[in-house]
1. Mind putting a number on the dipole of region 237-359 about its Cα centre? Charges go on the C-beta only, +1 for Lys and Arg and -1 for Asp and Glu, and I need it in Debye to the nearest 20.
2. Using the Karplus curve 6.51 cos²θ - 1.76 cosθ + 1.60 with θ = phi - 60°, work out ³J(HN,Hα) for each residue of region 259-266 in order, rounded to whole Hz, and write x for Gly and Pro.
3. What does the extension gain come out to for GLU458 and SER424, with contour length at 0.36 nm per residue minus their alpha carbon separation?
4. Hand me the GluC sites (Glu not before Pro) from region 316-354 located in a DSSP loop with no more than 16 other Cβ atoms within 10 Å, in residue order please.
5. Can you list the residues, at least 5 places off or on another chain, whose amide H is less than 5 Å from the amide H of ASP70, using H built in the peptide plane?
6. Within a 10 angstrom radius of the beta carbon, how do SER405, SER126, SER369 rank from fewest other beta carbons to most?
7. First measure r as the distance between the Cβ atoms of LEU163 and ALA492, then evaluate 1/(1 + (r/R0)^6) with R0 = 30 Å and state the FRET efficiency to the nearest 0.05.
8. Of GLN232, GLY261, ILE243, which is farthest towards the positive pole of region 213-261's charge dipole, taken about the Cα centre with +1 and -1 on the beta-carbons of Lys, Arg and Asp, Glu respectively?
Amino acid sequence: MKRTVRWIGIAVAALLIVIVSLPFLINVNQFKPTLESSLTAALGREVKLGNLKLSILSGSVTADDLFVADDPHFGKPAFVRAKSLNVGVELLPFIFSHKLNVKDITLDQPEIVLVQAPGGAWNFSSLGAKGAKSAPPPAAAPDKASLDLSVQLVRITNGRVTLGRTLGHWKPLVLEQVNIELQNFSATTAFPFSISTHVGGGGTLALAGSAGPINQDDAAMTPVRATLHIAQLDLAASGMNDIAPQLAGLVSIDAAGDSDGRLMRLKGKLKAEKLKMARNGTPAQRPVEVDFAVDHDLRKHSGTVHHAGIHVGGATASLAGTYAEQQEAMVVHMTLNGPGMPLTELAAMLPALGVVLPAGATLQSGTASANLSMDGPTDKLVSGGSLAVSNARLAGFDLPSKMASIEKLAGIKGGPNMDVQELSVILRVAPEGTDASDIKLIVPAIGEMQGAGTVSPENALDFKMQAMVETSGFAAGLRNEPIPFTVQGTAADPVFRPDVKAVVKDEIKGLAGGLLRGLIGGKK
């Protein structure tokens, strides 16, 4: 019995010695030329590997370094660089017949550069393409076995991906801590995949679904069906606001869609927090939620917004239209329709739009209806259309007292709030400021006011108005006579003054009219 145990012990020890010695006995680097040439032929790009090592316990071959050349049309030295390439192999065929059957591939800490040309092609479009020009494969020794590449699992761990453009000033998007997994990878059938990453500047992204079969003429045209989850993407810090630098905020998206490589159809929900939409704006304290359906052309960077329902609390508006990249700008043609929106809900968004209320004033009631169009480059957008407000109260703003300096309005009654029965205005909002025309404002404490004016980007006011007074004071007899006045100062501190020029002009008109009537009467 003791002898049997001893012989078993000797056999186990011998087996361990063999296992430990195998990596030294097998020159795994003999497979490097075959592996390099096979990968070069498969990718259509020159592939270089570092020193190869065999691990019996993990059943893998590891390369110290990996280099994959870029498409020569893009002029980059490397498409992929990785610190290590780990290839899982079937051990028995490898040990006894020197056949390298690949089970899985893992790239650790790769640097991947993805670049798109103006025509829409990517630097990975030619990967594996039939017409791709590859570097001549190194000659393999006659006793080396050929590569049997059937990959069950492809992994990229802790990578760094840079997405850029060869056109214009677009800031590259940097993805950190990129983890990618492809299961049952095949060029001829669809395969499941998952991607998770952190976005440089702030935010996370996760994508999962299926892709394939690989388009043999253009890898970028491979069909994909997936779900997308983006959390807390910082628009400004990530550079995603290149097309509209005035935009800032944190965006989260949950969506699903499919792509044929050219057209991507996407439906989902978007939530924007701390949103700022104007250069002189401040972050909104209330989130904006959007449910959307979009078709996007991946090559032309253009698309159609079929529907975008915008929700700010109980206020809802709909947005639809088109957008298209033109040279170095994104040009949009959109319409916004928002009927009967509660002003108390919209009040939280006014700072984000750069709209300033008089100091100490707040909106306490009322509804607003807007019908606007938005046209032009997103960094120089021009919006225009009609805005109507009804039954609103601006608490903390006493308009009659502000207008007391206008002599003919001295009889109007003041109060702590400004009640607006009706307001209608035609607006044009552009980078150089806001034009307001056809203003009609009915304030029960004063009467009806009409006019037009401008608001500068710094919120300086320049309005010329007329008031039809509704008062029981000494000016009651003037209630049918328009009283001209100006509004200047700033939106936070408006200043109301009599329009002396208009008064003088009216007086001159009156004198001239009287003189003319006298002359005509004299002739008679």
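The numbers here are math on the coordinates, done by the rules we state, and not lab data. Remember, it's a predicted structure, so these values are computed and weren't measured experimentally. Using ideal geometry, Cβ is built from the backbone for each residue, glycine included, and neighbour counts are taken over all protein chains shown.
1. It works out to roughly 180 debye.
2. 9, 9, x, 10, 9, 10, 9, 9
3. Result for the pair: 9.9 nm of gain on full extension.
4. Here the GluC sites (Glu not before Pro) that fit, given the DSSP loop and packing criteria, are GLU328.
5. Amide H neighbours of ASP70: ALA78, PHE79.
6. Ascending number of Cβ neighbours within 10 Å: SER405, SER369, SER126.
7. 0.10
8. GLN232
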